[in-house]
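Have a look at the structure that comes next, please.
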Amino acid sequence: MTDQPDLRHGNNRRDSRATDSDPAIVVDIKDYKQSQDPLPVTFHRRELDAILWIYGRMVGEGEWRDYAIDHMKDLAVFSVFKRSGEMPLFRIEKNPRLAAKQGAYAVVNTHGVILKRGHDLQQVLKVFNKQLKLVEK
């Protein structure tokens with residue numbers, strides 16, 4: 001067994017060493033690895049700052065207590081929990097495949113209902129802004 005591909009009938013096996021008339025193909029190892037195993041989708045620093053700012057505010061209000069971040073090959077998810085053993089209350093998702101269509105960012109509740117979707121993360125996170133009410137005495 002060899003590491004070289006099988007030859008079809010009539011093809012000749014050439015010397016694998018490169019010559020001046022037949023230069024070797026040089027492939028960057030980083031490009032090769034990414035083509036074989038693409039990097040997962042991640043939140044960028046500014047996106048994570050915006051999400052963690054909302055998270056900190058909600059923790060301060062006693063609404064949220066724990067979070068988890070998942071980076072998958074086609075999706076990044078920031079999950080928010082009331083208690084660590086439960087289903088997430090909300091999922092903030094980044095799906096780059098939807099960037100040209102509905103928007104890459106979405107906020108999804110526990111039941112899988114999309115509360116808000118858009119192209120701008122700041123606009124999508126406004127779903128967590130509470131409406132102030134006038135309280136009469």
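Can you name the residue in the range 93-116 that is under 15 Å from the mean Cα position of the chain (by Cα) and basic (Lys, Arg) and, of all such residues, is surrounded by the fewest Cβ atoms within 10 Å (Cβ to Cβ)?
The extreme case among them is ARG97.
Please pick out the residue among ARG91, ARG83 that is within 21 Å of GLN123 (Cα to Cα), of a type outside the set (A, V, I, L, M, F, W, C) and not in a helix (DSSP H, G or I).
Values: ARG83 fails: within 21 Å of GLN123 (Cα to Cα).
Among ARG91, ARG83, only ARG91 is within 21 Å of GLN123 (Cα to Cα), of a type outside the set (A, V, I, L, M, F, W, C) and not in a helix (DSSP H, G or I).
Can you name every residue in the range 75-95 that is modelled with pLDDT under 90 and of a type outside the set (A, V, I, L, M, F, W, C)?
Initially, the range 75-95 is screened for residues modelled with pLDDT under 90, giving 82-87.
If the condition is that a residue be modelled with pLDDT under 90 and of a type outside the set (A, V, I, L, M, F, W, C), then LYS82, ARG83, SER84, GLY85, GLU86 are the ones that fit.
For the range 52-70, what are the residues that are surrounded by 14 or more Cβ atoms within 10 Å (Cβ to Cβ) and either at pLDDT below 90 or assigned to a strand (DSSP E or B) (or both)?
Listed by number, the residues that qualify are GLU63, ASP66, TYR67.
The values are calculated or read from the model by the stated rules, or taken from the named source; none is laboratory data. The structure displayed is predicted, hence computed values, not measured ones. Backbone-built Cβ (ideal geometry, glycine too); neighbour counts: all protein chains shown.
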